[in-house]
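Notes for the one structure printed next.
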Ligand code: GLU
């Protein structure tokens, strides 16, 4: 069978077997459309059924999460853990608590995670999980009871050598603490390496909180350097205002860039003075309030509940909010305003149509599985420190993170070049480089 017929057959089977899972289909399409040149060179991956096997998760777990709210009412959510690929190491990937979570969302995230984790060069497989639980407006007690109930099912599926969850949207240090406490209680083991993203005081890694945002900026910095440019003096917009966005803003500012806009699901704020990071952190992390509060406090800022922050002229855009937030019209607005680079801090934030517009206009485009790999890479560093019962300094850890991001950037370019793309075709480079690492391991491990 020729390669394109093979890819189309796998694709058709994925759509047939996973009806209605639009985001999963999108993630698979994006990867499969890059794999042609790799499969031409490696016909053994076609005969070995590598792509078919990669598109089918090794294990899918869905479970009931019952809990009691502060009024005494019984609530029921649905929890998931998709253990997608263990070719390179224990399943690894975050947990997302958000009302939009469903099987298709968790599968898209788990699929992306396989290639992202492979790109880090570290021994981690791919997985993802979460629940359709909405943490917004919930008390600490409710969050704790939910996390305890979630872990009461999840604990039997995870372990430091089996599957290592971490955070994602809606899951930060507080939730990881409650989840870890319940795991410890159920198993009677202080198994530090079973979860990453732990607070630094009891097994967490320095720089893990900052890692995804910092890593995205490091990746963008590498892309800009290939055209003799940098963040210094540049206008930047960062979508989102959660963990990834906050630390992307911090690093952009440290490199001399000016972040003029950021957003949350209620709208976006423009501050020509540059976003005041301490104020933003206070509003989002301490008060857990909406972004409009920023403009109420800061006279130079204005908040808009309508439109998009991609209309704000900028040199660099870092989408750090959520999937499919940057559409075709946003991409057109960005290119009209002369954007130089877009690096994805979130998972799959740009739609396929947006990517086409950006790349067609010659904009440097860093896809999430390369540009946001710094978070999970630092999780792997946390696992290393846990295994060694050690803790590195912030500087040591950050310099390891920076080196990982540089290596991913170099590998993407080299791979794109080897497989017939332009060196700055980071989509092709990331997909093929990640795929080859997983495919080699799968081929060596037999049909499992
Ligand atoms: N949720 C993050 C991601 O999308 C981090 C996963 C992890 O650290 O395991 O990569």
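The values are calculated or read from the model by the stated rules, or taken from the named source; none is laboratory data. Values in this document were obtained by computation on a predicted structure and should not be read as measured data. No Cβ is skipped: glycine too gets one built from the backbone with ideal geometry, and neighbour counts run over all protein chains shown.
Taking the condition buried (at least 24 other Cβ atoms within 10 Å of the Cβ), under 20 Å from residue 261 (Cβ atoms) and within 16 Å of the ligand (Cβ to nearest atom), does residue 345 pass? Working first, answer last.
Numbers: buried (at least 24 other Cβ atoms within 10 Å of the Cβ): yes; under 20 Å from residue 261 (Cβ atoms): yes; within 16 Å of the ligand (Cβ to nearest atom): yes.
Answer is yes for this residue.
For the range 243-267, the tally of residues that are buried (at least 24 other Cβ atoms within 10 Å of the Cβ) and touching a residue at least 40 places away in the same chain (Cβ under 8 Å) stands at 9. All of (1) surrounded by 23 or more Cβ atoms within 10 Å (Cβ to Cβ); (2) farther than 16 Å from residue 319 by Cβ hold for residue 240 with one exception: (2). Taking the range 339-382 as the range and being more than 18 Å from the chain's Cα centre (by Cα) and assigned to a helix (DSSP H, G or I) as the test, the residues that pass are 353, 354, 356, 357, 358, 359, 360.
Give me a count of the residues in the range 112-129 that are assigned to a helix (DSSP H, G or I) and within 11 Å of the chain's Cα centre (by Cα). Before you say what the answer is, go through the steps one by one.
We begin by selecting, within the range 112-129, every residue assigned to a helix (DSSP H, G or I); these are 112-119.
Next, from what is left, pick out any that are within 11 Å of the chain's Cα centre (by Cα): 112-113, 116-117.
Going through the range 112-129 one residue at a time, the tally reaches 4.
I need a count of the residues in the range 187-199 that are away from the ligand (no atom under 15 Å from the Cβ) and either within 20 Å of the chain's Cα centre (by Cα) or without any contact (Cβ under 8 Å) to a residue 12 or more places away in the chain (or both). Can you show your working first?
Within the range 187-199, the subset away from the ligand (no atom under 15 Å from the Cβ) is 187-191.
Keeping just the survivors that are either within 20 Å of the chain's Cα centre (by Cα) or without any contact (Cβ under 8 Å) to a residue 12 or more places away in the chain (or both) gives 188-190.
Qualifying residue count for the region: 3.
Among the residues making up the range 365-382, a single one is out of contact with any strand residue (DSSP E or B) (no Cβ under 9 Å at 6 or more places or on another chain), near the ligand (Cβ under 8 Å from one of its atoms) and under 9 Å from residue 116 (Cα atoms): 373.
Give 407, 440, 425 a once-over and let me know the one that is under 16 Å from residue 122 (Cα atoms) and either touching a helix residue (DSSP H, G or I) at 6+ places or on another chain (Cβ under 7 Å) or touching a residue at least 12 places away in the same chain (Cβ under 8 Å) (or both). Show your work before the answer.
Details: 440 fails: either touching a helix residue (DSSP H, G or I) at 6+ places or on another chain (Cβ under 7 Å) or touching a residue at least 12 places away in the same chain (Cβ under 8 Å) (or both); 425 fails: under 16 Å from residue 122 (Cα atoms).
After ruling out the rest, the residue left standing is 407.
Summed over the range 94-119, residues that are near the ligand (Cβ under 10 Å from one of its atoms) and farther than 15 Å from residue 323 by Cβ total 2.
Could you please find all residues in the range 69-90 being farther than 18 Å from residue 50 by Cα, within 15 Å of the ligand (Cβ to nearest atom) and crowded, with 23+ Cβ neighbours inside 10 Å? Break it down into steps so the answer makes sense when it comes.
The first filter runs over the range 69-90 and keeps only residues farther than 18 Å from residue 50 by Cα, leaving 69-82, 90.
Of the ones still in play, those that are also within 15 Å of the ligand (Cβ to nearest atom) are 80-82, 90.
The answer is 80, 81, 82.
A count restricted to the range 50-85 and to residues that are in a loop (DSSP other than H, G, I, E, B) and touching a helix residue (DSSP H, G or I) at 6+ places or on another chain (Cβ under 9 Å) stands at 5.
Please pick out the residue among 238, 270 that is more than 16 Å from the ligand (Cβ to nearest atom), closer than 24 Å to residue 426 by Cβ and either at pLDDT below 95 or touching a strand residue (DSSP E or B) at 6+ places or on another chain (Cβ under 6 Å) (or both).
Going through 238, 270 in turn, the sole match is 238.
Condition check: more than 26 Å from residue 348 (Cα to Cα) and modelled with pLDDT of 95 or more. Does residue 142 satisfy that? Considered against the rule, which asks whether it is more than 26 Å from residue 348 (Cα to Cα) and modelled with pLDDT of 95 or more, residue 142 comes out as yes.
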